[in-house]
1. Checking P347 against (1) open to solvent by 10 Å² or more (accessible area, probe 1.4 Å); (2) out of contact with any Asp or Glu (no Cβ under 9 Å at 6 or more places or on another chain); (3) more than 28 Å from L58 (Cα to Cα); (4) at pLDDT 80 or above, which test does it fail?
2. Just need a number here: residues in the range 220-248 that are of a type outside the set (S, T, Y) and without any contact (Cβ under 8 Å) to a residue 12 or more places away in the chain.
3. Does at least one position in the range 66-74 carry a residue that is open to solvent by 20 Å² or more (accessible area, probe 1.4 Å) and either modelled with pLDDT under 85 or not in a helix (DSSP H, G or I) (or both)?
4. Counting only residues that are over 19 Å from D294 (Cα atoms) and open to solvent by less than 30 Å² (accessible area, probe 1.4 Å), which one in the range 403-424 is nearest to the chain's Cα centre (by Cα)?
5. Name the residue, out of A89, A118, that is out of contact with any strand residue (DSSP E or B) (no Cβ under 7 Å at 6 or more places or on another chain), closer than 30 Å to P357 by Cβ, in a helix (DSSP H, G or I) and aliphatic (A, V, I, L, M).
6. Can you name the residue in the range 75-111 that is farther than 30 Å from W18 by Cα and either hydroxyl-bearing (S, T, Y) or free of Cβ contacts under 8 Å to residues at least 60 places away in the same chain (or both) and is also least open to solvent (accessible area, probe 1.4 Å) among such residues?
7. Test each condition in (1) open to solvent by 50 Å² or more (accessible area, probe 1.4 Å); (2) at pLDDT below 90; (3) not small (G, A, S) for V338 and report the one that comes out false.
8. In the range 19-36, what residues are open to solvent by 40 Å² or more (accessible area, probe 1.4 Å), at pLDDT 75 or above and touching a helix residue (DSSP H, G or I) at 6+ places or on another chain (Cβ under 8 Å)?
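The values are calculated or read from the model by the stated rules, or taken from the named source; none is laboratory data. Remember, it's a predicted structure, so these values are computed and weren't measured experimentally. Glycine gets a Cβ as well: all are built from the backbone with ideal geometry, and neighbour counts include every protein chain shown. SASA here: full protein model, heavy atoms, side chains in, ligands and nucleic acids out. Shrake-Rupley method; radii C 1.70, N 1.55, O 1.52, S 1.80 Å.
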Amino acid sequence: MSDSPERPAPVSLLQAFWFWLKLGLISFGGPAGQISIMHQELVEKRRWLSERRFLHALNYCMLLPGPEAQQLATYIGWLMHRTWGGVIAGALFVLPSLLILVVLSWVYLVFGDVPLVAGIFYGIKPAVTAIVVQAAWRIGGRVLKNAWLWAIAAAAFVAIFALQLPFPLIVLGAALVGYIGGRRAPQHFAVGGGHGEKGGTHAPALIDDDTRLAHTHFRSGRLALILLLGAVLWLLPMGLLTLAFGWQGTLTQMGWFFTKAALLTFGGAYAVLPYVYQGAVGHYGWLTPTQMIDGLALGETTPGPLIMVVAFVAFVGAYAQPLLGGDSAFAAGALAAVLVTWFTFLPSFLFILAGGPLVESTHGELKFTAPLTGITAAVVGVILNLALFFGYHVLWPEGFAGTFDWVSALIASGAALALFMFKRGVIETIIGCAVVGLVVHLLV
């Protein structure tokens, strides 16, 4: 008994601050990679919380719309250091990515035609197409376990590709099918989350399986206060934007549009990208299809949630418009990026800070509901449509009437081989394709 590991020493808020800042700077690899980093650091290495508490929090975050890795960081930060701990953890998961993307977006717009930058993006675009295909394959392999779910995915693809139905309508339809199917044939809709559970940790953790935390107890007064504060934090900036620019102003419409996007991101960033494309490219015209692909490439190569591509969309959409007057293009773009990030992530903080005590009130395993299973199956078809959209614009940059870009096709094939056959990571695949694109662009 004397050789058993001791419980870790208490962690101060300052210690946690430096950890969350480090995580925000190294959180590459999408949600799977980010969750893996948190598990290694928090459960295995530092033992700040137990395996079971980690998975309990993760299961809840996977039920929510929004970036699950960022919400998991917020949840753990809240567990450890109350509300401010959650706010700090969630914010530091996002802020480094926001600052980097603002700078990269400016470089892209100002120097995008420079041969060096153009060559890099020429190689990255085909890689992004392969990455989106891999996302559809990965999610499909985890979710589509029977003919019912395959049918939902196929119907979602037809709905968005052929019928061009709006993404929110597809989500609602899939949820309805899942609800009915869960009642009529529950065995076909009992699909798990896909991260897999492991056995509990053997060494005691700072927040162990049986650790009781006073601040996690549910109180109706606290819930009402958080919901009221959340409403104020949304209404205040939205009201100021409406007064300054009117309801139809670009910044106001960005705030409203990305608030809706934040509530529809079931299945992660790849699932909401078609909705962002429909609105930002098709309806509002904030950016072009090519710029949308380039923005996703930047999002893939920076730390933080992939949904941070919304900062690029906002920056590009506001940069060319005289929103602030004079030579204020950069200021307008940066302001738009900050505002859109605020409206996109505010719901995520509210979901955790309001719902956390409800989740902590029971440590029974949270299961995916049948409607969510239906939504996740539909996401596969939506992402496949996104891959075709990217492939079309990359391989036929001038439309089907133009020439086929066989060099881009070769780069995309090489990226697919790297991802599927050789199991290479997203970052190294993008870097390799960027080098190839640069060489081709400089030689041709």
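1. Looking at each condition in turn, P347 falls short on (3).
2. 16
3. Yes, some residue in the range 66-74 is open to solvent by 20 Å² or more (accessible area, probe 1.4 Å) and either modelled with pLDDT under 85 or not in a helix (DSSP H, G or I) (or both).
4. For the range 403-424, the residue satisfying everything is L419.
5. Result: A89 is the single residue among A89, A118 that is out of contact with any strand residue (DSSP E or B) (no Cβ under 7 Å at 6 or more places or on another chain), closer than 30 Å to P357 by Cβ, in a helix (DSSP H, G or I) and aliphatic (A, V, I, L, M).
6. Y108
7. V338 satisfies every listed condition except (2).
8. Residues satisfying the conditions are L21, L25.
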